[in-house]
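Peer 1: This is the structure I want to talk about, given as structure tokens.
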Amino acid sequence: MKSITIPLTVLSVYSVVAAFAFATTAAETMLLYPNIFRDIPESLAMTEDFMSVIAVGDVMRPMGMVLTLCALAAFATALWARRARVWVAASLVSLISGQFLLSILYQWPRASILFDDRDQHTLGEIEAAATEFLIGQGFRIAAALATAVFAVAAALACYRARVLAS
């Protein structure tokens, strides 16, 4: 019988990091976004001044990299722990499609309109980009929640296998 201590440890770390990433994304949205999008375009300029030292991306991108590395380790581990494969695969699908690709393909172009190229767009375009950005953020939060739930389910499936094996 194969030992499942290593897979359980890797999947547990992945689930903790995924849950932390979800909590951070939700907290960022609830605490910062009402101020960022309250009075467009003035609030966007104020946000740029406020985040001139450390911006959201300065924290979230490295955390996303750590989450991705943990997800890859969990995927490699899931090849060993059969009961966790489906859950890890589901978490990877939500991580890649709902967080990574959504951010790059949908959120970043709108963030560019809102912050980097704001002077090149009309007020209507900026307001539309803000609305679209907030809608995309809702999908990112849902994807982060799904990633965390599936990662926790993978760790619990591996733990269940450990308990049943003893």
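The values are calculated or read from the model by the stated rules, or taken from the named source; none is laboratory data. Only a predicted model underlies this, so the values are computations on that prediction, with no experimental measurement involved. Cβ coordinates were reconstructed from backbone atoms using ideal geometry, including for glycine residues, and neighbour counts include every protein chain displayed. Keep in mind that these areas ignore ligands, DNA and RNA; they rest on the heavy atoms of the full protein, side chains included. Shrake-Rupley method; radii C 1.70, N 1.55, O 1.52, S 1.80 Å.
Peer 1: What list of ³J(HN,Hα) values in whole Hz, one per residue of region 43-50 in order, does the Karplus curve 6.51 cos²θ - 1.76 cosθ + 1.60 (θ = phi - 60°) give from phi, with Gly and Pro shown as x?
Peer 2: Per residue, the Karplus-derived 3J(HN,Hα) values read 5, 5, 5, 5, 5, 4, 5, 5 Hz.
Peer 1: Still on this structure: For residue 4, what accessible surface area do you get with a 1.4 Å probe? Give it in Å², rounded to 10.
Peer 2: Only protein atoms counted, so the area is about 40 Å².
Peer 1: Further, regarding this structure: Work out from phi, with θ = phi - 60° and the Karplus expression 6.51 cos²θ - 1.76 cosθ + 1.60, the ³J(HN,Hα) of each residue of region 9-26, listed in order in whole Hz, and give x for Gly and Pro.
Peer 2: Rounded to whole hertz, the list is 5, 5, 5, 5, 4, 4, 5, 5, 5, 5, 5, 5, 5, 4, 4, 5, 5, 5.
Peer 1: Probe 1.4 Å, all protein chains in place: accessible area of residue 123 in Å², nearest 10?
Peer 2: My reading of the accessible area for residue 123 is about 90 Å².
Peer 1: Among the chymotrypsin sites (Phe, Trp or Tyr not before Pro) within region 67-149, which fall in a DSSP loop and have no more than 15 other Cβ atoms within 10 Å of their own Cβ?
Peer 2: Passing sites in region 67-149 are 80.
Peer 1: Sticking with this structure for a sec: May I ask you to work out the translational diffusion coefficient for region 28-166 at 37 °C, viscosity 0.692 mPa s, via Stokes-Einstein with Rh from the Kirkwood sum over Cα pairs, reported in whole µm²/s?
Peer 2: The calculation lands on 195 µm²/s.
Peer 1: So for region 51-100, what percent of the C-alpha to C-alpha distances run longer than 13 Å?
Peer 2: 62 percent
Peer 1: May I pose another question? What figure, in Å² to the nearest 10, do you get for the accessible area of residue 127 with a 1.4 Å probe and non-protein molecules left out?
Peer 2: 80 Å²
Peer 1: Give me a comma-separated list of calculated 3J(HN,Hα) values for region 130-136, in order, Karplus coefficients 6.51, -1.76, 1.60 applied at θ = phi - 60°, integers in Hz, x for any Gly or Pro.
Peer 2: Calculated HN-Hα couplings, in order: 5, 5, 5, 4, 5, 5, x Hz.
Peer 1: Could you calculate the FRET efficiency of residue 76 with residue 26 from 1/(1 + (r/R0)^6), where r is the beta carbon distance between them and R0 is 35 Å, rounded to 0.05?
Peer 2: Taking R0 as 35 Å, the efficiency between residue 76 and residue 26 is 0.80.
Peer 1: For a quick protection proxy, order the peptides 152-158, 30-36 by their average other-Cβ count within 10 Å, most packed first.
Peer 2: Top to bottom by mean Cβ count within 10 Å: 152-158, 30-36.
Peer 1: With a 1.4 Å probe and all protein chains kept in place, how do 49, 58 rank by accessible area, largest first?
Peer 2: Reading off the accessible areas and sorting them downward yields 49, 58.
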